[in-house]
1. Working out 0.36 nm times the residue gap between ILE244 and ASP282, then minus their Cα-Cα distance, what length gain in nm do you get to one decimal?
2. Residues with amide H under 5 Å of THR312's amide H, sequence separation 5 or more or different chain, H placed in the peptide plane at 1.01 Å from N; which?
3. For ASP59 and ASN8 in one chain, what is 0.36 nm times their gap in residues minus the Cα-Cα distance, to one decimal in nm?
4. Helix-derived [θ] at 222 nm for the chain: sum -39500 (n - 2.57) over DSSP H runs of at least 4, divide by residue count, nearest 500?
5. Can you tell me the orientation of helix 127-140 relative to the chain, as the angle in degrees between its alpha-carbon axis and the longest Cα principal axis, to the nearest 10?
6. What distance in nm separates the simple spin-label points at LYS336 and ARG151, each placed 7 Å from Cα in the Cβ direction?
7. Taking R0 as 51 Å, what's the FRET efficiency between GLU257 and LYS28 from their Cβ-Cβ distance, rounded to 0.05?
8. By how many degrees, between 0 and 90 and to the nearest 10, does the Cα long axis of helix 188-207 differ from the longest principal axis of the chain?
Amino acid sequence: MNASSRYNRQIMLPEIGETGQYKLLKSKVLIIGAGGLGAAILPYLAAAGVGEIGIVDDDVVELSNLQRQVIYKNSSVGKYKVEEAKSMVTALNSDVKVNAVAEKLSGKNAIALFENYDIIVDATDNLQIKYLINDACLITNKPMVYGSIFRFQGQVSVFNYQNGPTYRCLYPDENSSSVNCTDAGVIGISVGIIGMLQANEVIKMILETGEVLSGKILVYNVLNNEQQKYDFEKNDSFVMDRNIFKGKYSQKENRVEEISAEAVLNQIDNEEVLFLDVRNEDELPKITFRNSIQIPLMNLEGEIEKLDSNQTIYVFCQSGMRSKIAVELLQKMDFKNLKSVEGGALALKELLTKEIKI
């Protein structure tokens, strides 16, 4: 191939050369999530010359994202992350084809998306989505590059690589709970380091060089610069095919019932309804109804006795994402009458402000 001077420095490496650069050009990588991890993974894959990159995320940029999602600017706030990410890649390397998919990954679209790519990268902070990615990778026979962050610690691994161990081999309990960076907090450097390690695994697989983290998980702590690598084995007891996948994930689609902020305001004097705020205590704006309680999402399981499983509960967070997770968690504990408030506290505050002006 006629190598562009753009890639000269990596073509000089004997492990890459022009043959390796051609492999990069012909590779197709799908990144699930355009948040902190995705923002670290994406520019390095694009700069290295990965030929086609897909980005899946239905979220928009918020001001609080800019602390760690460093590919976005102040002007990006309110715009779709995938579209802003695509613009960044195009400006960085116009040779890369970028497919921006402004959708939430689900059982309906995962398999069709995955079949078009060589490697799937998990850049999410949602436990249920990680299992979905794993299972769709099993069906489509694609490797999954895993990344996860908890405060100052991160994890990286590669699942389903050359029929190797899967995510379920390491974490078999799908019903366990976890918190994301919104609830636990995160420093931007953590996601940057873990995201770059994920990008490194992608490039090694494409180039077929080095030791891939298959059957191993790397744990890195940014506070003390310590890292450990643990081995784990494949467990063949879990089998996934298209029928199992379809049955499993079609049941999960749209199972969280939502209620509009307008409808919530009509219920604030209803004594039979409990308003559950799952934000952290320091989050603004403050929303206090007569019959309300605040339990941060990360504490919900430990304080479940404060709630009546027979009561109608409207759950809200800042923008409506954590409340859905909370509803799913409560449903697993046999709570029946649950609704997630669309738009969360921000939507409620906007409506309350309008009422005051009127």
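1. Extending this stretch completely gives an extra 9.4 nm.
2. Amide H neighbours of THR312, under 5 Å, 5+ apart: LEU274.
3. Separation in residues times 0.36 nm, less the Cα-Cα distance, equals 14.7 nm.
4. Theoretical 222 nm ellipticity from helices: -10000 deg cm²/dmol.
5. Between the helix axis and the principal axis of the chain, the angle is about 40 degrees.
6. In this crude spin-label approximation the distance works out to 3.9 nm.
7. That gives a FRET efficiency of 0.85.
8. 40
The values are calculated or read from the model by the stated rules, or taken from the named source; none is laboratory data. Just so you know, these numbers come straight off a predicted model, no measurement behind them. Here Cβ is always computed from backbone atoms with ideal geometry, including for glycine, and neighbour counts include all displayed protein chains. Note: accessible area is taken over every heavy atom of the protein model, side chains too, but ligands, DNA and RNA are not part of it. Shrake-Rupley method; radii C 1.70, N 1.55, O 1.52, S 1.80 Å.
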